[in-house]
Amino acid sequence: MPESPIDPKLMTETRLPLAGLRVLDLTLARAGPTCVRHLADWGADIIRVEPPAAGDGLGGARDGFDQVNLHRNKRGLSLDLKNPAGHAAFLRLAATADILVENMRMQVKHRLKIAYDDLKELNPRLIYASISGFGQTGPYSKRGGVDQIAQGMGGLMTITGEPGRGPMRVGIPINDLTAGNLLAMGIMMKLYDRERTGKGGYVHTSLLEAQVFMLDFQATRWLMDGEVPGQAGNDHPVNIPMGVFPTADKPINIAASSSKLWEAFCKAAGHEEWLEVPEWKTPKGRSADRARVNATIAEVTRTRPSEWWVLKLEEAGIPCGPVNNIREVFEDPQVQHLEMAMPMRHRTRGDIKVVAQPVNLEGVETGFYRDIPNLGEHNEEILREAGLSAAEIQELKDKGALGGG
């Protein structure tokens, strides 16, 4: 089996902030792997634990764009947790791990005897981190959940899209990603707490909690004022004008809702007479006359190309920007400057790029240092580190508890 391409510089980089932490990764799909990817990119030793019969899963082929982006910088162990010998070996690993991350259904982890209650006495320093669909307790706790279900149940689909068009999902798995990001933050807080107390503990969130949290001001419109938000399309729900406007070539976003920005926008657009329209003199008035304000602006913006407007409005201090497709995003000079396309060397696909870390730590450089592991690629290496002898590893093979190579 070919070795994973490894960047020796990053593998020996002692300044990566999470170097020395060992993480057992039992995650599937996207929310859990999103959490683990943060830990992996910043130097933690990630052991991806997969069953011997693991397929490609929800993320597509192992060498496909999704799996490679999600599971970089990990080692691979293929272990049958249903097999008594495999379960015993897993406990050996868990006894010395710093962090375990999982996003299984509630009943599955309890059936496998790898839930937090099964491990907390074995390793009191273990930080056990979970993502579920709807929470670890409560009437929905045993339900399986996916991103779009949470988008619907969490209200997002009723405030996304154009008025009158019916519910609309957003174009990314926002709850998977948010739950993963929040869990990674929770792990960091628990690690800090462990430094003071010497004890690990349980950290968890869910897709539904992540979605309700992400409703933000739309949620507090209801909680504080009793107002149920609806769909506003490309317009900001409450600030006018703030939204998408046509140009001679491609749409742009313009944000000029405050009184100061509205005045600057009218002058930059060459239509100071808009400042004298009685209904438009206040933000509340412009909001009430939203359709006419937007239509009037659109008649002007469509006379010039997008680049002209962006330069013009930027000079006037008005936030604006083009509406890019994904290709245009990675051609954008600022995105290229931020190095958001991270180069990596894949064992079968050669030189490719994946999405880079968005977090910047002064004096610390993360990146790609290990390819996505093949199924069970590091079985013997990982088990030896856990203290298993050659005879014990061979016994696991004989009993069918190991998979892969």
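The values are calculated or read from the model by the stated rules, or taken from the named source; none is laboratory data. Just so it is clear, the model here is predicted, and its values are computed rather than measured. Cβ: placed from backbone, ideal geometry, glycine included. Neighbour counts: every protein chain shown.
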Considering only segment 240-265, state which residues are over 15 Å from Ala291 (Cα atoms), within 29 Å of the chain's Cα centre (by Cα) and of a type in the set (Val, Ile, Thr). Ile252, Ile254
Lone unmet requirement of (1) in contact (Cβ under 8 Å) with a residue 40 or more places away in the chain; (2) farther than 30 Å from Tyr116 by Cα; (3) among the hydroxyl-bearing types (Ser, Thr, Tyr) for Thr205: (2)
Matching residues, segment 338-352, being within 19 Å of the chain's Cα centre (by Cα) and either in contact (Cβ under 8 Å) with a residue 60 or more places away in the chain or surrounded by 14 or more Cβ atoms within 10 Å (Cβ to Cβ) (or both): Met340, Ala341, Met342
Does Glu227 count as in the same structural domain as Thr34 (by TED's automatic domain parsing), over 25 Å from the mean Cα position of the chain (by Cα) and either more than 19 Å from Val323 (Cα to Cα) or outside any helix (DSSP H, G or I) (or both)? no
Single match in Ala88, Ala97, Ala115, Ala129 (criterion: loosely packed, with under 15 Cβ neighbours inside 10 Å and among the aliphatic types (A, V, I, L, M)): Ala88
In segment 202-261, which residue that is among the basic types (Lys, Arg) and touching a Pro at 6+ places or on another chain (Cβ under 8 Å) is surrounded by the fewest Cβ atoms within 10 Å (Cβ to Cβ)? Lys250
Single residue of segment 38-65 satisfying the filter (modelled with pLDDT of 95 or more and in contact with a helix residue (DSSP H, G or I) (Cβ under 6 Å, 6 or more places away or on another chain)) that is farthest from Val364 (Cα to Cα): Ile47
Are any residues in segment 145-169 in a loop (DSSP other than H, G, I, E, B) and loosely packed, with under 15 Cβ neighbours inside 10 Å, and if so, which ones? Glu162, Pro163, Gly164, Arg165, Gly166, Pro167
Please go through segment 168-191 and give me each residue that is without any contact (Cβ under 8 Å) to a residue 40 or more places away in the chain and farther than 20 Å from Tyr128 by Cβ, ordered by number. Arg169, Val170, Gly171, Ile172, Thr178
Residue pairs meeting the criteria (Cβ under 9 Å; at least 6 apart or on separate chains; first closer than 18 Å to Leu81 by Cβ, in segment 382-403; second β-branched (Val, Ile, Thr) and assigned to a loop (DSSP other than H, G, I, E, B)): Ala386/Thr96
Are there any pairs with C-beta distances below 6 angstrom linking a residue in segment 282-310 that is over 15 Å from Gly321 (Cα atoms) to a residue that is buried (at least 16 other Cβ atoms within 10 Å of the Cβ) and among the basic types (Lys, Arg), with the two at least 6 apart or on different chains, and if so which? Val293/Arg286
Can you spot a residue in segment 268-289 that is in a helix (DSSP H, G or I), closer than 13 Å to Ile240 by Cα and among the polar types (S, T, N, Q)? yes
Residue under question is Glu314, and the condition is that it be more than 30 Å from Asp63 (Cα to Cα) and surrounded by 13 or more Cβ atoms within 10 Å (Cβ to Cβ); does it hold? yes
